[in-house]
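Contents: one structure, followed by commentary.
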Amino acid sequence: FAEILPEAQLHFWKEGETLANSEPADYAVVWRPPMAMLQGRTDVRAVFNLGAGVDALLKFGDALPQVPIVRLDDAGMGVQMAEFAAHAVLRYYRRFDDYEEQARNAQWQVLKPYDKENFSVGILGLGVLGRRIAQALQHFDFPIRGWSHTMKDVPGVTCFAGKDGLEEFLRGTRVLICVLPLTSETSNMLGRTNLSKLMEGAYLINVARGAHLAEPDLLALIKSGHIAGATLDVFRNEPLPKQHPFWHEPRIRITPHIAALTLYNESIRQIASKIDALERGQPIHGVVDRARGY
Ligand code: NAP
Ligand code: GLV
């Protein structure tokens, strides 16, 4: 920020500071801040979130200043999500997970390839990141479907929307990728009822938030064989506790919330250009709709 906005005065908020003893600021740049940093502030004109998901901010409700909350808009996360999703989908489709298992047992055996027509990929959330995932997977000719709140028209993607469209979307999905924001409507939606509607031998990739997933339901569906495997990047409790059963389930692959990292250069450039636009009275993208929750 010092390089890109040389005229700005930068203050670091420190643990223990309150409204009464902290420096005034025109803009706040935050990631999962404690409430004390923002509560009651009347000085800030916008709050910039150093990530795409704003669930950790919006949970403060009316304690947040009544100013625009601005999420990161791609800022280099789209391509990372595409890489992560493509890696996981290809690993399942090409049966690399099964070949890894065979190799651990020094077993040489060619497995029957899956039929691509029946290996449809369903993306929950067709926003900035979901669309980028869809675009990447199209290169591998997977049938792609997507679900969003409002109906979309994305070339090459069979689109579904709203509660009415969810069941049909799920019933035709073999690999489910969740890239939804966490809101009161989407919390816990990856539970037994919805996951059971997926095609037999389905796979789950959750790169959204841990609270989307009912963890015991996933374990039960993996044990029953309805779900063949899961790639999970996000968890209810992060870091995932050492004693958590997910660590001991070989059909669950775990990464430590790295599907799309906040890249400092891209993010700072994006925020700085938005501050510049706001200073000039111009509109900006990425302002969160608080009522909607994203
Ligand atoms: P976004 O652009 O706001 O897109 C959100 C999508 O979800 C939109 O298509 C929206 O539908 C849909 N949606 C929201 N609520 C819905 C509902 N109740 N029913 C159906 N569809 C609903 O968000 P984004 O930038 O793609 O980011 C998505 C999420 O990814 C973030 O909120 C964050 O939780 C997660 N994330 C994770 C990582 C990681 O490293 N694991 C990194 C970055 C982000 P409409 O388009 O119709 O509104
Ligand atoms: C990371 O999880 C983000 O929301 O950007």
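The values are calculated or read from the model by the stated rules, or taken from the named source; none is laboratory data. These figures come from a predicted structure and were not determined experimentally. Every residue, glycine as well, gets a Cβ built from its backbone with ideal geometry; the counts of neighbours run over all protein chains shown. Heads up: the accessible areas ignore ligands, DNA and RNA and are worked out on the full protein's heavy atoms, side chains in. Shrake-Rupley method; radii C 1.70, N 1.55, O 1.52, S 1.80 Å.
State the number of residues belonging to the stretch 69-82 that are part of a loop (DSSP other than H, G, I, E, B) and under 25 Å from residue 38 (Cβ atoms).
Total satisfying the criteria: 5.
Look at residue 39 and say whether it is over 23 Å from residue 273 (Cβ atoms), among the polar types (S, T, N, Q), out of contact with any Ser or Thr (no Cβ under 8 Å at 6 or more places or on another chain) and open to solvent by 70 Å² or more (accessible area, probe 1.4 Å).
yes
Report, by residue number, each residue of the stretch 256-294 that is within 11 Å of ligand 1 (Cβ to nearest atom) and either farther than 20 Å from residue 74 by Cβ or modelled with pLDDT under 95 (or both).
Matches in the stretch 256-294: 256 only.
Considering the stretch 65-74 alone, what residues qualify as being within 10 Å of ligand 1 (Cβ to nearest atom) and either open to solvent by less than 10 Å² (accessible area, probe 1.4 Å) or modelled with pLDDT under 95 (or both)?
72, the sole residue that qualifies.
Could you say which residue among 143, 181, 155, 113 is under 25 Å from residue 76 (Cα atoms), away from ligand 2 (no atom under 16 Å from the Cβ) and of a type outside the set (Asp, Glu)?
155 is the lone residue from the list that is under 25 Å from residue 76 (Cα atoms), away from ligand 2 (no atom under 16 Å from the Cβ) and of a type outside the set (Asp, Glu).
Somewhere in the stretch 200-212, is a residue charged (D, E, K, R), over 26 Å from residue 52 (Cβ atoms), open to solvent by 10 Å² or more (accessible area, probe 1.4 Å) and more than 16 Å from ligand 2 (Cβ to nearest atom)?
yes
Return the residues of the stretch 268-290 that are open to solvent by less than 40 Å² (accessible area, probe 1.4 Å) and touching a helix residue (DSSP H, G or I) at 6+ places or on another chain (Cβ under 9 Å); say none if nothing qualifies.
Those that are open to solvent by less than 40 Å² (accessible area, probe 1.4 Å) and touching a helix residue (DSSP H, G or I) at 6+ places or on another chain (Cβ under 9 Å): 284, 286, 288.
Which of the residues belonging to the stretch 220-261 are assigned to a helix (DSSP H, G or I) and open to solvent by 30 Å² or more (accessible area, probe 1.4 Å)?
Of everything in the stretch 220-261, those that are assigned to a helix (DSSP H, G or I) and open to solvent by 30 Å² or more (accessible area, probe 1.4 Å) turn out to be 220, 223, 224, 245, 247, 248.
Does residue 192 qualify as being at pLDDT 95 or above, among the basic types (Lys, Arg) and open to solvent by 50 Å² or more (accessible area, probe 1.4 Å)?
Against the criterion (at pLDDT 95 or above, among the basic types (Lys, Arg) and open to solvent by 50 Å² or more (accessible area, probe 1.4 Å)), residue 192 qualifies.
For residue 3, which of the numbered conditions (1) within 14 Å of ligand 2 (Cβ to nearest atom); (2) within 20 Å of residue 264 (Cβ to Cβ) fails to hold?
Going through the list (1) within 14 Å of ligand 2 (Cβ to nearest atom); (2) within 20 Å of residue 264 (Cβ to Cβ), residue 3 breaks only (1).
Is there any pair with a first residue in the stretch 129-143 that is of a type in the set (Phe, Trp, Tyr) and a second that is open to solvent by less than 50 Å² (accessible area, probe 1.4 Å) and assigned to a helix (DSSP H, G or I) whose Cβ atoms are under 9 Å apart and which are 6 or more apart or on different chains, and what are they?
140/86; 140/89; 140/90; 140/93; 142/89; 142/93
Which residue pairs have Cβ atoms under 7 Å apart, sit 6 or more places apart or on different chains, and have a first residue in the stretch 50-65 that is touching a residue at least 24 places away in the same chain (Cβ under 8 Å) and a second that is among the small types (Gly, Ala, Ser)?
50/267; 58/293
Identify the single condition in (1) closer than 24 Å to residue 204 by Cβ; (2) in a loop (DSSP other than H, G, I, E, B) that residue 66 does not satisfy, given that it satisfies every other one.
(1)
Can you tell which of 19, 38, 5 is more than 16 Å from ligand 1 (Cβ to nearest atom), more than 24 Å from residue 179 (Cβ to Cβ) and touching a strand residue (DSSP E or B) at 6+ places or on another chain (Cβ under 8 Å)?
Step by step, each of 19, 38, 5 is checked, and only 38 is more than 16 Å from ligand 1 (Cβ to nearest atom), more than 24 Å from residue 179 (Cβ to Cβ) and touching a strand residue (DSSP E or B) at 6+ places or on another chain (Cβ under 8 Å).
Only one of these is in contact (Cβ under 8 Å) with a residue 40 or more places away in the chain, in contact with a helix residue (DSSP H, G or I) (Cβ under 8 Å, 6 or more places away or on another chain) and within 30 Å of residue 46 (Cβ to Cβ): 122, 76. Name it.
Working: 122 fails: within 30 Å of residue 46 (Cβ to Cβ).
Exactly one of 122, 76 is in contact (Cβ under 8 Å) with a residue 40 or more places away in the chain, in contact with a helix residue (DSSP H, G or I) (Cβ under 8 Å, 6 or more places away or on another chain) and within 30 Å of residue 46 (Cβ to Cβ), namely 76.
Is at least one residue of the stretch 87-100 open to solvent by 50 Å² or more (accessible area, probe 1.4 Å) and farther than 19 Å from residue 252 by Cα?
Within the stretch 87-100 (the criterion being open to solvent by 50 Å² or more (accessible area, probe 1.4 Å) and farther than 19 Å from residue 252 by Cα), the answer is no, since none of the residues qualifies.
Going by the structure shown, is residue 126 open to solvent by less than 20 Å² (accessible area, probe 1.4 Å), part of a loop (DSSP other than H, G, I, E, B) and hydrophobic (A, V, I, L, M, F, W, C)?
Yes; evaluated as a whole, the condition is true for this residue.
In the stretch 239-286, which residue that is within 21 Å of residue 71 (Cα to Cα) and among the acidic types (Asp, Glu) is nearest to the chain's Cα centre (by Cα)? Give the derivation first.
So in the stretch 239-286, the residues within 21 Å of residue 71 (Cα to Cα) come out as 257-286.
Checking the rest, the ones that are also among the acidic types (Asp, Glu) come to 266, 276, 279.
Values: 266: 18, 276: 28, 279: 30 Å.
Filtering first and then ranking leaves 266.
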